[in-house]
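Notes for the one structure printed next.
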Amino acid sequence: MTAPFASLGGDEKNHQRSMEDHDIERSIDGGQHPGGGGLMATTSLARPVEPRFTSVDLLLISFWACLLFLCLTIPHLLFLLWSLLGGAVMIACHFWLVVHKRQPREGNLVIALIMPLAMLTFSFVFPWVNRATPVTYDSLLASWDFGMAPAVRAWTITKPLLWDPALVAYEALPSAVLIIIVMTRGYARARLVWSAFVGPLLVVPCYLMFPAVGPIHVGDPNAPRNCVPSMHLTCALFLWINTRGWLRWVTATFVLFTALATLATGEHYVFDLAVALPWTWFITALAGWFVSRFTKLRPEEDMGEAIWPARKIRRRKAEPSQQISAGLADLD
């Protein structure tokens, strides 16, 4: 009678050991420690899972869609439409990089909405500037121009291979800014975002101190006084400054076509382009100060490398020994 009971006791011990081994395996794979101490619970709390698509994301995209519908139904909002199209690229990148690839958020949805809202708000400033500046300095700027702007305009119109891409570059500037923001990282991206918002905000005093409407708008009292400095060339230079590699060659070409378009369209004088150079330097320096002041990013870490073709990020699962070491370190 003792032999069967002995074998039964041995079977119970073997079963208990197998259950303990099973609990240890579960703790290694992400379960709990058999002693109830919650070894991996500590490590899982240290690495919270961020939701890939939230209700705030849906709200931002809904507001963007409302602006797009408004822009499509109201005429003469081409500049705002280009901004919304650039926002569509940012939204698509958010779905691809964050929702699909599970990469960290970079604020693309917020920028995609704030940029057209800022442009729409900025458009209401021009009527106020017009009322505050009934007299313009176009005659003075025309005398300093020595006929260069009209000559460039007359020459470019006869060259469709130059006129067409220059006109596209001039109109599509908002989309270009948003696309380059998507394609940059780190300090350069942050500085470009700050420049794109701070530059148009601080340029209003310049329009009040030196109002001018441009050669093609002379005599029109309702034309905006937005010549000095040329913000089109300034924003194009922002793109060139904050990019590197092959992308910098693309933005350099964009700068050249934008500079040509500012004169070919009759919107600016040569003096406006000259003033845009120190103005770009000032805004870039100010934006860099904001980035260094409010973030931990530094210029030496990242200077606008393009991400296309995107670098593949491989997520390696930690070895069980590494998980146990991390859990013990957290318990200590």
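Could you check the simple spin-label distance between V56 and F122, using points 7 Å along Cα→Cβ, in nm with one decimal?
2.5
For the pair L72/I114, report the inter-label distance in nm, with labels modelled 7 Å from Cα in the Cβ direction.
My value for the distance between the label points is 2.7 nm.
With unit charges on the beta carbons (Lys and Arg positive, Asp and Glu negative) and the dipole taken about the Cα centre of the range 127-224, which residue among M148, P205, P134 sits farthest to the positive side?
Farthest towards the positive end: P205.
Based on the Cβ-Cβ distance from F294 to A151, what FRET efficiency comes out when R0 is 56 Å, to the nearest 0.05? Each step should come with its number before you reach the end.
On the way: r = 46 Å, r/R0 = 0.82.
With a Förster radius of 56 Å, E is 0.75.
Could you calculate the contour length gain from K159 to W281, that is, 0.36 nm times the residue separation minus the distance between their Cα atoms, to one decimal place in nm?
Contour length minus the Cα-Cα distance gives 40.7 nm.
All of the numbers you see were taken from the coordinates with simple rules; none came from a lab. Model, not experiment: these values are computed from the prediction. Using ideal geometry, Cβ is built from the backbone for each residue, glycine included, and neighbour counts are taken over all protein chains shown.
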